Amino acid sequence: MSSTVAFSRYDSIAVLTLDNPPVNSLGASTRYALRQAFRMALADPKIRAIVITAKGRLFSAGADIGEFQAKPADSSLRDLFMEIERSSKPITVSINGMALGGALELALVCHYRVTTSKAQLGLPEVNIGVIPGAGGTQRLPRLIGMNAAIEIITSGKPISAKKALEVGLIDAILSDGPDFEKDAIQFARDALDKGGATNSRNIAFADLPEDPDFAANWTEKVARTSRGRTAPLRALESVINATTLPLDEGLAREADIFNECNASAEGRGMQHIFFAERKAAQIRDLPDDIQSRPLDQVAIIGAGTMGGGIAMNFLNAGIPVTLLDMSDAGLEKGLAAIRNHYEISVARGRFTPEQVEQRLKLLHGRTDYEAVGTADIVIEAVFENLDVKKQVFSELDRAAKPGAILATNTSTLDVNLIAAATTRPQDVIGLHFFSPANVMRLVEIVRARDSAPDTVKTAMEMSKRIGKVGVVVGVCYGFVGNRMLEPYGREAHRLLLEGASPEAIDKALTDFGMSMGPLSMYDMAGNDIGALMRKANKAAIAHDPSYYRMGDVLAGQEDYGQKTGRGFYTYQGREKGANLDLAELVEKQAAALGITRRSISDQEILERCMFPLIDEGIRILEEGIAQRPGDIDVIWCNGYGFPGYRGGPTHWADEIGAATIYRALIDHQNSLGDYGKMWFQPSTSLQKLAHSGSRIADLFSDN
Ligand code: NAD
């Protein structure tokens with residue numbers, strides 16, 4: 001028998017143990033082995049009951065997602081579960097950790113479910129653009145009722161063991177320690193003595209909805225939170241089928257819906273991002289045997305917005321932080337902001353007061369550089385000014401211990417120049433966090449010219465430890481994310497002058513799926529910040545007087561956006577409204593620049609903003625600034641609100657085809673006069689892709 005499922009026997013109980021590291025996925029070999037082990041248990045007359053459990057920290061992450069796109073309709077997980085469901089001997093599933101997707105669906109066909117207190121159970125299929133396809137949408141509602149099942153299935157969020165017990169998904173929470181398996185076997189024995197085992201096939205619905213608006217109400221609710229994704233709605237449709245169709249028909253319909261979702265652009269896009277995130281952790285040109293450096297103590301320089309946010313990530317991960325600012329006042333303000341943030345988290349029930357106390361005990365404020373002497377990694381987040389940063393790094397060079405990693409959170413400055421302010425450029429790296437730094441999952445790890453392999457590796461390890469997605473990028477203005485943002489924002493600003501309203505521009509992009517429209521985003525980030533950055537980079541853009549013109553005009557009259565209550569929009573508390581003075585202001589600027597105003601379609605807005613962004617991504621790949629197209633997609637989906645269901649900019653480009661993008665860029669080049677000629681020049685690789693019909697993913701594949 002294959003080694004992915006072990007068979008052992010304790011008197012009359014057979015124990016089948018999944019053993020397919022790292023996540024005990026239920027791929028072909030495990031399905032085969034489980035079926036063999038199950039049949040062996042059934043065939044043995046001395047075996048009276050079966051326990052299914054797993055080796056390792058988690059029970060199982062479910063189906064092997066890699067098989068989804070490879071085989072359009074893999075029915076064998078369903079077939080296996082049908083066979084297990086008809087077992088003549090009672091089966092207890094003993095869940096020793098996470099049980100997700102197919103793993104929970106396996107548990108649903110069994111008679112009893114027991115867990116440790118730390119176990120988590122969920123059906124996260126909607127997060128990869130599909131629905132539970134091996135019975136989840138039919139059996140879960142039979143077991144726990146419609147409302148609870150819909151909640152779990154359409155949100156994709158796992159629930160705790162405690163909650164699972166409350167809703168009746170599991171029968172008992174057993175001991176957490178080494179006796180867990182022994183206790184599960186005892187549970188199976190006791191259940192055998194009690195008799196009357198039943199499974200979801202034989203359970204009548206607990207709460208069949210009587211309300212005629214039940215389905216409509218849920219549809220409205222799920223549609224509100226799905227934001228352009230269809231999988232949650234298709235999952236809901238399947239769960240609701242369970243109320244009208246007999247189990248086998250419901251299962252057949254579920255399989256059809258699964259296959260439809262899996263073959264959709266959303267299914268492909270979300271599965272692409274799922275794998276791209278895992279691939280991003282692989283760093284090119286690192287020797288296999290490279291060891292990462294210790295990461296037990298952190299120092300952060302600059303207790304401002306970013307410094308405070310970054311600090312909280314480490315505190316939440318249980319890593320002590322020394323936070324340093326240049327003055328007592330700056331430091332106190334930063335510490336107070338962190339305390340305040342945690343107080344809000346307690347009020348919202350996210351943390352207990354004890355958890356916050358534990359975190360704050362790990363935080364130490366200082367104003368002298370000697371304090372960084374014991375840190376394994378120092379992250380600088382002071383003002384965005386090269387001279388200030390160089391000065392900070394020369395201090396760090398003096399005060400940090402040998403081998404400490406010295407990181408900068410700069411968004412635009414040259415990390416090589418910052419590294420050159422030290423005598424140890426091999427230890428210097430960029431760690432570009434995104435705001436709010438305690439929330440946003442992305443960190444661009446900026447590999448500078450001299451960053452040592454173990455410096456890069458440690459930075460990646462650090463991202464994982466604090467629950468972030470790290471993506472390695474090279475040094476250039478704006479790195480990957482902000483460099484691609486630049487043409488996107490440029491076109492959003494220019495379209496205003498050409499005749500589109502801020503509302504129309506933002507709506508075209510939120511309709512596409514961006515979590516926020518570009519002009520709302522600039523209002524949030526602050527038009528002053530953008531204007532300052534452009535001032536520092538004037539020489540590169542001076543040839544176009546219309547470049548981010550309205551952003552500069554608003555900044556000039558102190559309409560910075562959300563923080564001043566006025567920008568492209570007006571703000572009163574959380575209320576956002578139209579800025580009624582803007583149209584006149586824009587018209588004046590357009591007239592001064594000789595730009596004729598016209599009506600602009602949503603399609604043009606989308607193409608003008610998105611296609612130059614994609615082409616910039618292609619240039620970034622040509623230059624080797626990003627390691628692979630998927631990395632760009634991970635950056636945009638995690639740091640810039642690009643819709644995951646479109647798979648990120650390069651994946652989406654491959655879906656619509658390079659030729660479409662190329663042709664549109666040429667059309668805009670021709671129709672926009674000098675402006676078109678200046679900014680709409682397709683890259684060599686885009687041209688090549690358009691002519692050859694191949695994909696960005698293939699041209700820049702690194703497999
Ligand atoms: P901020 O103005 O809120 O905070 C900067 C802090 O650094 C202040 O508390 C200041 O007192 C302190 N400081 C300045 N010089 C110092 C010195 N020599 N020694 C010690 N402390 C010093 O700025 P921020 O928004 O937190 O940005 C910090 C860095 O992060 C910048 O490089 C910025 O480009 C980058 N960044 C910002 C964002 C963002 O959205 N705010 C996003 C990514 C990266």
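Observations on the model:
- Criterion (away from the ligand (no atom under 16 Å from the Cβ), among the acidic types (D, E) and in a helix (DSSP H, G or I)) met by exactly one of D528, D506: D506
- Segment 41-64 - residue that is surrounded by fewer than 20 Cβ atoms within 10 Å (Cβ to Cβ) and under 21 Å from P22 (Cβ atoms) and, of those, farthest from the chain's Cα centre (by Cα): K55
- For segment 1-40, the candidate set comprises residues that are among the aliphatic types (A, V, I, L, M) and over 21 Å from A188 (Cβ atoms); within that set, the residue that is surrounded by the most Cβ atoms within 10 Å (Cβ to Cβ) is L26.
- Options S451, S435: the member that is modelled with pLDDT under 95 and over 30 Å from L665 (Cα atoms): S435
- Residue that is of a type in the set (S, T, Y) and surrounded by 18 or more Cβ atoms within 10 Å (Cβ to Cβ), where the choices are T408, T352: T408
- Taking every residue in segment 524-542 that is over 22 Å from T570 (Cα atoms) and pairing it with any residue that is of a type in the set (V, I, T) and in a helix (DSSP H, G or I), at least 6 positions away or on another chain, the pairs with Cβ-Cβ distances below 7 Å are R534/I541.
- Looking only at segment 535-571, and only at residues there that are modelled with pLDDT under 95 and not in a loop (DSSP other than H, G, I, E, B), the one that is farthest from S520 (Cα to Cα): A539
- Within segment 1-75, strands (runs of 3 or more DSSP E) holding 2 or more residues that are touching a helix residue (DSSP H, G or I) at 6+ places or on another chain (Cβ under 9 Å) and not hydrophobic (A, V, I, L, M, F, W, C): 5-10
- Selection count, segment 132-182, where residues are touching a strand residue (DSSP E or B) at 6+ places or on another chain (Cβ under 6 Å), part of a helix (DSSP H, G or I) and under 13 Å from S200 (Cα atoms): 0
- Test for R278: is it away from the ligand (no atom under 16 Å from the Cβ), free of Cβ contacts under 8 Å to residues at least 40 places away in the same chain, part of a helix (DSSP H, G or I) and under 30 Å from P649 (Cβ atoms): yes
- The one condition in (1) touching an Asp or Glu at 6+ places or on another chain (Cβ under 9 Å); (2) over 29 Å from A337 (Cβ atoms) that A407 fails to fulfil: (2)
Residue-wise test of (1) within 23 Å of I310 (Cα to Cα); (2) among the basic types (K, R); (3) not in a helix (DSSP H, G or I).
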| residue | (1), (2), (3) |
| --- | --- |
| T458 | yes, no, no |
| V475 | yes, no, yes |
| R494 | no, yes, no |
| L519 | no, no, no |
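- Pairs, first free of Cβ contacts under 8 Å to residues at least 40 places away in the same chain in segment 547-574, second surrounded by fewer than 21 Cβ atoms within 10 Å (Cβ to Cβ) and of a type in the set (A, V, I, L, M), C-beta under 6 Å, six or more apart: D552/A531; A555/A531; Q562/M524
- Elements of the type helices (runs of 4 or more DSSP H) sitting completely within segment 314-420 and holding at least 1 residues that are touching a residue at least 12 places away in the same chain (Cβ under 8 Å), within 15 Å of the ligand (Cβ to nearest atom) and closer than 15 Å to D296 by Cα: there are none.
- Only one of G481, G489, G467, G499 that is touching a Lys or Arg at 6+ places or on another chain (Cβ under 7 Å) and either surrounded by fewer than 23 Cβ atoms within 10 Å (Cβ to Cβ) or of a type outside the set (K, R) (or both): G499
- Complete set of residues in segment 274-333 that are surrounded by 23 or more Cβ atoms within 10 Å (Cβ to Cβ) and of a type in the set (F, W, Y): F314
- Yes/no for G250 being under 19 Å from C637 (Cβ atoms) and surrounded by 15 or more Cβ atoms within 10 Å (Cβ to Cβ): no
- The residues listed here are I656, I635; of these, the one that is at negative phi, at pLDDT 95 or above and surrounded by 22 or more Cβ atoms within 10 Å (Cβ to Cβ) is I635.
Residues are listed down the side, and each one gets a yes or a no for (1) within 27 Å of D511 (Cβ to Cβ); (2) not hydrophobic (A, V, I, L, M, F, W, C):
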residue	(1), (2)
M533	no, no
A540	no, no
M550	yes, no
D559	yes, yes
G573	yes, yes
E587	yes, yes
I625	no, no
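- A555 buried (at least 20 other Cβ atoms within 10 Å of the Cβ), under 19 Å from Y571 (Cα atoms) and of a type in the set (A, V, I, L, M): yes
- Here G304 meets each of (1) under 30 Å from S451 (Cα atoms); (2) within 14 Å of the ligand (Cβ to nearest atom); (3) free of Cβ contacts under 8 Å to residues at least 60 places away in the same chain; (4) not acidic (D, E) with one exception, condition (3).
- Cβ-Cβ distances below 6 Å connect the following pairs, each with a first residue in segment 16-29 that is under 21 Å from A70 (Cβ atoms), a second residue that is buried (at least 23 other Cβ atoms within 10 Å of the Cβ) and modelled with pLDDT of 95 or more, and a separation of six or more residues or different chains: N24/L18; N24/A54; N24/S60; L26/G102.
- Boolean, N537 is closer than 26 Å to G641 by Cα and within 16 Å of the ligand (Cβ to nearest atom): yes
The values are calculated or read from the model by the stated rules, or taken from the named source; none is laboratory data. Small disclaimer: the values here were computed from a predicted structure and weren't measured. Note that each Cβ is placed from the backbone with ideal geometry, even for glycine, and that neighbours are counted across all protein chains shown.
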